[in-house]
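Everything below concerns the one structure shown next.
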Amino acid sequence: MLQILSRTPAWVFILLGFLLALGLLQTRDRWVKRPIAYVLPVAMVALSLAGVLSSFGLKALPPIAGWLIGLLVVALAG
């Protein structure tokens, strides 16, 4: 166990500290403007649709229909 720690580069521990600090900052409440709060969900929907289209192509109606039904279910549940 100590051999693993002694051979680990220093930048790994620096990165660990940075990620821990970033995680602690995420526990605090903060105010975000409404348009900025919608950027990530819209981007994820676009990437999801792009994944379906790249996997099945533009002519695959059932996968796209399934994707749309899933999107509507999640939107209504949210």
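The values are calculated or read from the model by the stated rules, or taken from the named source; none is laboratory data. What you see is a predicted model; the values in this text were computed from it and never measured. Reconstructed Cβ throughout: ideal geometry from the backbone, glycine too, with neighbour counts over all protein chains shown. Quick note on the areas: whole protein, heavy atoms, side chains included, nothing else; ligands and nucleic acids left out. Shrake-Rupley method; radii C 1.70, N 1.55, O 1.52, S 1.80 Å.
Can you tell which of L53, L20, L68 shows the greatest fluctuation in a Gaussian network model of the chain with Cα springs below 10 Å?
It is L20.
Could you rank W31, W11, W67 by how accessible they are, 1.4 Å probe, largest area first?
Highest to lowest solvent-accessible surface, that is W31, W11, W67.
For the residue pair L68 and S55, what label-to-label distance in nm results when each label sits 7 Å from Cα along the Cα-to-beta-carbon direction?
About 1.8 nm separates the two model spin labels.
Could you look at the chain and say what percent of its accessible area is carbon and sulfur, using a 1.4 Å probe and all protein chains?
Within the chain, the accessible surface is 75 percent carbon and sulfur.
Could you work out how much longer the chain between M1 and I36 gets when fully extended? Use 0.36 nm per residue separation minus the Cα distance between them, nm to one decimal.
8.2 nm
For the stretch 9-21, in order, what is each residue's ³J(HN,Hα) by Karplus, 6.51 cos²θ - 1.76 cosθ + 1.60 with θ = phi - 60°, in whole Hz (x at glycine and Pro)?
Here the 3J(HN,Hα) series is x, 5, 5, 5, 6, 5, 5, 4, x, 4, 5, 5, 5 Hz.
Could you do me a favour and compute the accessible area per residue for the chain, 1.4 Å probe, result in Å²?
With the other protein chains kept in place, the chain gives 93 Å² per residue.
Give the shape of the chain as rounded, prolate or oblate, defined through the alpha-carbon gyration tensor: a ≥ b ≥ c are the square roots of its eigenvalues, a/c under 1.5 means rounded, and otherwise the shape is prolate if a/b is larger than b/c and oblate if not.
Since a/c reaches 1.5 but b/c is at least a/b, the shape of the chain is classed as oblate.
With the chain treated as a Gaussian network of Cα nodes joined by springs under 10 Å, which of I64, I14, I36 yields the largest mean-square fluctuation?
Sorting by GNM fluctuation, first place goes to I14.
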